[in-house]
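Worksheet for the structure shown next.
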Amino acid sequence: MDSFNYKEGKLFAEDVSIDQIAQKVGTPAYIYSKATILDHFNKIKNSYAELNTIICYSVKACGNINILKILAENGSGFDIVSGGELFRAQKAKGDMKKVVYAGVGKTDEEIIAALKAGIGYFNIESEAELENLIALAEKTGKQTKAALRVNPDVDPQTHTFITTGKKETKFGVDIERAQSIFEQYAGKSKFVNLCAIHVHLGSGGKTIAPYCQAVEKILPLIDSLREKGFTIEALDLGGGYGADYQSDTVPSAAQYAEGIVPLLKDKDLTLILEPGKSIIANAGILLTKVLYLKQSGKKKFVIVDAGMNDLIRPPLYDAFHFIWPAKVDEKYANVKRTEEIGLKGLESVDVVGPICEASDFFAKDRAIPPVNRNDLLAIFTAGAYGFTMASNYNARPTPPEVLVDGKNFKVIRKRQTYEDMITLEK
């Protein structure tokens, strides 16, 4: 799952004690494991080696340029959804031909910047966007490729906020409409080559079946388009592949590939994948410190110094994150990461933050070992959509990001100061 493990009851990131990191950078803090990032990336790469595959890491999951550099150096491309993410990919020295640009609301300025950068594909969400891309490409004299985002009307059975492959979402077009779009636009512009199909079901998938079903529904469309003389060179299957927020709850990269690869063999298609959380989620933890213990009626609260501004996934998505002290009796070390832990001596608590909102919580009625003031708690599987969704709500500075590599660690983003927060207001 990851390289965060207990040794004699103390939590380590690879070969570095979490307590050692806390002493240097304080709390709250995001801590990432380089070994975990590369392990997950390489498992995906190896699983799809049988096909001509381009892996485009989803920058929105965790966009620190130091992490992007590691992935770029190991052959990853990037899935971006904004001009800012394009800028990050460029600063990380990413291969622009391995960059795909998705999103329903690309501005003219963002499109022009991506055209000038020479990205691989624009993932097109509508006829209006395609017409605008053609106009801007002609205006700038830049040639590019485009993939039409098609909704296969497949439900990945995940949270409604992160489901994007159903027919009624704001993303993409339905299969029936895709045919007419190719007939209307493909081959009509010397600047924009509409030559690929993009599919993205959403985020947080936990089974292989929806992804296989999507491929099975899209392949007849590709066959039909080719029969009409259109060139379809690539199929972008997007991201959304699950991460183990609880132990052994999602398929492995190899298991996803076992279902998908046989469907695409001999189809003469480049496969593009856009994994985000399946690479970075398990690679990060949010470290926080216990401030107070509070009893209210029958309810016990553990109040910590991290808040929903640091990690919003639990209140936003009702997301589960395993939470465990960074130092425990050895009988509590290395337990299976799940909500149901059958060990004696645990306490049922709500783990909450200091934000002035009732929604500021990380866990409710959660069983954890007894803790005291100033103890450290690790919120696991926080690498994806943790820091990237952080804010300054309640005028709270964003936490630092720390990268561990074997026996060494370094701060890859400094803790924000109060002065940093108001710099742009002066």
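The values are calculated or read from the model by the stated rules, or taken from the named source; none is laboratory data. What you see is a predicted model; the values in this text were computed from it and never measured. Using ideal geometry, Cβ is built from the backbone for each residue, glycine included, and neighbour counts are taken over all protein chains shown.
Scan the stretch 50-94 for residues that are in contact with a Ser or Thr (Cβ under 9 Å, 6 or more places away or on another chain) and more than 18 Å from MET389 (Cβ to Cβ) and report the count.
Matching residues across the stretch 50-94 total 10.
If you check THR423, THR388, THR398, which single one turns out to be under 30 Å from ALA92 (Cα atoms), in a loop (DSSP other than H, G, I, E, B) and among the hydroxyl-bearing types (Ser, Thr, Tyr)?
The match here is THR398.
Take the residues in the stretch 251-261 that are surrounded by fewer than 19 Cβ atoms within 10 Å (Cβ to Cβ) and of a type in the set (A, V, I, L, M), then tell me which one is nearest to THR36 (Cα to Cα).
For the stretch 251-261, the residue satisfying everything is ALA254.
Among the residues of the stretch 346-403, what is the count of those that are in contact with a helix residue (DSSP H, G or I) (Cβ under 9 Å, 6 or more places away or on another chain), polar (S, T, N, Q) and under 30 Å from LEU68 (Cβ atoms)?
The number of residues fulfilling the criteria is 4.
If a residue must be within 19 Å of LEU237 (Cα to Cα) and in a loop (DSSP other than H, G, I, E, B), how many such residues does the stretch 173-216 contain?
Number of matching residues: 8.
Pull out all pairs, ordered by first then second residue, where Cβ-Cβ is under 9 Å, the residues are six or more apart or on different chains, the first lies in the stretch 387-414 and is farther than 21 Å from SER17 by Cα and without any contact (Cβ under 8 Å) to a residue 40 or more places away in the chain, and the second is assigned to a loop (DSSP other than H, G, I, E, B) and not charged (D, E, K, R).
The qualifying pairs are PRO397/GLN416; PRO397/THR417.
So if I check each of ALA22, ALA29, which one is surrounded by fewer than 21 Cβ atoms within 10 Å (Cβ to Cβ) and touching a strand residue (DSSP E or B) at 6+ places or on another chain (Cβ under 8 Å)?
The match here is ALA22.
Could you list all residues from the stretch 314-342 that are part of a loop (DSSP other than H, G, I, E, B), under 15 Å from VAL371 (Cβ atoms) and in contact with a helix residue (DSSP H, G or I) (Cβ under 8 Å, 6 or more places away or on another chain)?
ALA326
Just to confirm my filter: which strands (runs of 3 or more DSSP E) fall fully inside the stretch 236-313 and include at least 1 residues that are within 23 Å of LYS364 (Cα to Cα) and at pLDDT 95 or above?
284-296, 299-304
Can you tell me which condition PRO262 does not meet? The list is (1) out of contact with any Lys or Arg (no Cβ under 9 Å at 6 or more places or on another chain); (2) over 23 Å from ALA186 (Cα atoms); (3) in contact (Cβ under 8 Å) with a residue 40 or more places away in the chain, and all the others hold.
So PRO262 meets the others, but not (3).
Take SER247 and decide whether it is buried (at least 17 other Cβ atoms within 10 Å of the Cβ) and polar (S, T, N, Q).
Considered against the rule, which asks whether it is buried (at least 17 other Cβ atoms within 10 Å of the Cβ) and polar (S, T, N, Q), SER247 comes out as no.
Under the condition of being charged (D, E, K, R) and either without any contact (Cβ under 8 Å) to a residue 24 or more places away in the chain or in a strand (DSSP E or B) (or both), which residue from the stretch 343-372 is surrounded by the most Cβ atoms within 10 Å (Cβ to Cβ)?
ARG366
Restricted to the stretch 56-80, and to residues that are buried (at least 20 other Cβ atoms within 10 Å of the Cβ) and part of a loop (DSSP other than H, G, I, E, B), which residue is farthest from the chain's Cα centre (by Cα)?
In this case the residue turns out to be SER76.
Matching residues to (1) part of a strand (DSSP E or B); (2) among the basic types (Lys, Arg):
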position: ASP2; (1), (2): no, no
position: ASN5; (1), (2): yes, no
position: LYS24; (1), (2): no, yes
position: TYR30; (1), (2): yes, no
position: LEU38; (1), (2): no, no
position: LYS43; (1), (2): no, yes
position: ASN46; (1), (2): no, no
position: ALA49; (1), (2): no, no
position: ILE54; (1), (2): yes, no
